[in-house]
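Below is one structure, written out as structure tokens; the observations come after it.
Only the coordinates and a few stated rules stand behind these numbers; no lab work does. These numbers come from a predicted model, not from an experiment. For neighbour counting, all protein chains shown are included, and Cβ atoms are generated from backbone atoms with ideal geometry for every residue, glycine included.
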Amino acid sequence: MPSIRILPESLRNIIAAGEVVERPASVVKELIENSIDADSENIEIEISYGGKRLIRIADDGIGMDREDAMLSIERYATSKISKIEDLINLRTLGFRGEALSSIASVSKMTVETGRREESTGTYIEIHGGVIKSIKDSPVKGTVITVKDLFYNVPARKKFMKSEQTELNHIIESIIHQALSHYRVGFRLRIDGGEFMLLPQAYHERERIAQIFGADFINGIEEFEKREGEISIKGFISKPDRSRRTRTNQYLFINHRPVKDPIVSKAIYTALEGYLEKERHPFYVIYLDIPPEYVDFNVHPSKKEVRFRDNNLIYEAVYSTIRENYLSEKISTFSHGINYRDVELKIMAQDLSLSETPVTFSNIENIPVPSVRDIKRHEFIFIADTYIGFSEPDGFVVMDQHAAHERILYERFLKRRIQTTILLFPVEIRLSPQEYRNILDNLEILREYGFEVDDFGDNSVIVRQIPDIFDKDDIPSLLKDIAYTINNAEIDKESDIYDKKRMEVAVAIACHRSVRKGTRLSPDEAHSLLERLYETDDPWHCPHGRPTMIKFDIPYLEKLFKRRK
Ligand code: ADP
Ligand code: MG
């Protein structure tokens, strides 16, 4: 008796589905791609229970006749390629002919579809890959409904995450599609309520504003360049709008959302000098290259690509950004507050400490102040950023922003906050994700002195704020907090609340203290130092960077080569 057998068709499809349909968001992605390939102008998406119960995508595209509709749910059934050369010259998002058959095999799916010029369309119902019924339907365009995903694959079903997490993935996937196809209108309904409405746009910029709000657009540098056969359109955050996390980094190659380490490296290298350490730009980059330069058939869900010539792509992205990003504004960084290595070098020279620049790389060797009793110091103010003062056994330099961050961080964490009630509450429009993250964490915000209420339609209304803020700070602060919450790396269920509380305190402290390059008065400097010494960890800002560096006598002697 042979022990090897050929798997039956039904099982083959379920196994194949494992690659294409990882989670509800993959279904949404595949179906939207199909709608876009079918020349749809408007796509409506409906989701219930994080897509676990229901995903419905309706489009006004070309539709299918009955014969095509029947074929579309077969494996390797595609209208998009027919020969090997087509694979090299892809012009459509789909081509593998696996999505509908895969989805059909792991859910209860209906396909309702009809071509505009035909009087009747088709309705097909399939459960776990088995056709249950075929009828006429009045539909023009295509409506695909996917219910009870993975109902017949318990192992997969178990691996789905919480409704909220799956929903976040779905929204992120729709945002990707919407950014790459701005001419297509999108409408998203979640659990019966309207969540996002993106009318057909005329420019990428308009679509970006629809999704992230007008304020987002104001913080962006925009440029466009054609180099040989490669064209690049870029929207990159200005240096002062950088973030603590890598959120909102979107790359599209030939209208396909992808992640690519080469392009990402080119972007970060090009931005060197504009970005503070551990800060990240947000960007939307559109790369259009001849289809034969890039292979999308690397990954079943086409998230990764392979370039024919990595250097060509790297160079094109790097040089476009280098030449166009803040090209005439390079001075922002020569007296910038954020470029710490450079600053420290300048400072060391200013103070004639040595010819060898002191950089953060040798910070480990520099002892921090040990003096606890604060005396009245003579302060030296350096570049409106650092404050120098002498101690009996050396010279100390304090980074006023880092110090302030530490103080504020602990104040929020320990809830030592005064609040201001706004006479005129501020209404703030957020992106759908930001909106959700803020609403889900009103409790933490309340602890920190914010009174925020749901105002519907992705808007919130802010009635009370901590008194250290101005009401003009609030929109960008709320956005910062939303992203922080979204990206907090949480290990254990029980840590969630505490971890978020800490992250939000960091975001608040950072937001309030980083912005200003103000010259402090000696009294203010004294009070800053005093309050810094009262904190639990005066030597580090909440990000772990030093707040003070001490050049003690032995260290100075070493610098001046008086001793080894
Ligand atoms: P692929 O997109 O790789 O061709 P799919 O399984 O996603 O494979 O779809 C199979 C075929 O079904 C497509 O090639 C297309 O002809 C047809 N199809 C799927 N969705 C739609 C739609 N929304 N409108 C019109 N045709 C569609
Ligand atoms: Mg497809």
Which entries in the list LYS157/LYS259; LYS80/LYS108; LYS238/LYS277; LYS29/LYS265; LYS83/LYS303 go over 21 Å, if you measure between the two C-alpha atoms of each?
LYS157/LYS259; LYS80/LYS108; LYS29/LYS265; LYS83/LYS303
Whole-number D in µm² s⁻¹ for the stretch 396-515, Kirkwood Cα-pair radius fed into Stokes-Einstein, 10 °C, 1.306 mPa s
109 µm²/s
Compute the angle between helix 474-487 and the longest alpha-carbon principal axis of the chain, please, reported from 0 to 90 degrees and rounded to the nearest 10.
70 degrees
Taking only the alpha carbons of the stretch 131-251, the radius of gyration and the largest Cα-Cα distance, Dmax, both in angstrom, are 19.1, 58
Cα-based Rg and Dmax for the stretch 28-98, where Dmax is the largest Cα-Cα distance (Å)
13.4, 42
Can you give me the relative contact order of the chain as a percent, contacts being Cα pairs under 8 Å and 6 or more apart?
11 percent
Leading residue at positive end of dipole, the stretch 70-209 (Cβ point charges), from ALA209, GLN164, ALA99
ALA99
Write down the percent of antiparallel bridges among all DSSP beta bridges whose residues are both part of the chain, to the nearest 5.
85 percent
Using only Cα atoms, figure out Rg for the chain and give it as a multiple of 2.2 N^0.38 Å.
1.16
Please give the calculated 222 nm ellipticity per residue for the chain, where each DSSP H segment of at least 4 residues contributes -39500 (n - 2.57) and the sum is spread over every residue; nearest 500 deg cm²/dmol?
-10500 deg cm²/dmol
Cβ-placed point charges (K, R +1; D, E -1), dipole of the stretch 415-564 about Cα centre in debye, nearest 20
1160 debye
FRET efficiency, ASP68 to ILE553 (Cβ-Cβ, R0 60 Å, nearest 0.05):
0.10
Report the FRET efficiency, 1/(1 + (r/R0)^6), for SER231 and SER119, where r is their Cβ-Cβ distance and R0 is 56 Å, rounded to 0.05.
0.80
Could you give the angle, 0 to 90 degrees to the nearest 10, between helix 400-413's Cα long axis and the longest principal axis of the Cα atoms of the chain?
60 degrees
Quick one: dipole size for the chain, taken about the Cα centre, charges +1 on Lys/Arg Cβ and -1 on Asp/Glu Cβ, in debye to the nearest 20.
1080 debye
With axes computed from alpha carbons, what is the tilt in degrees of helix 9-20 against the longest principal axis of the chain, rounded to the nearest 10 within 0 to 90?
20 degrees
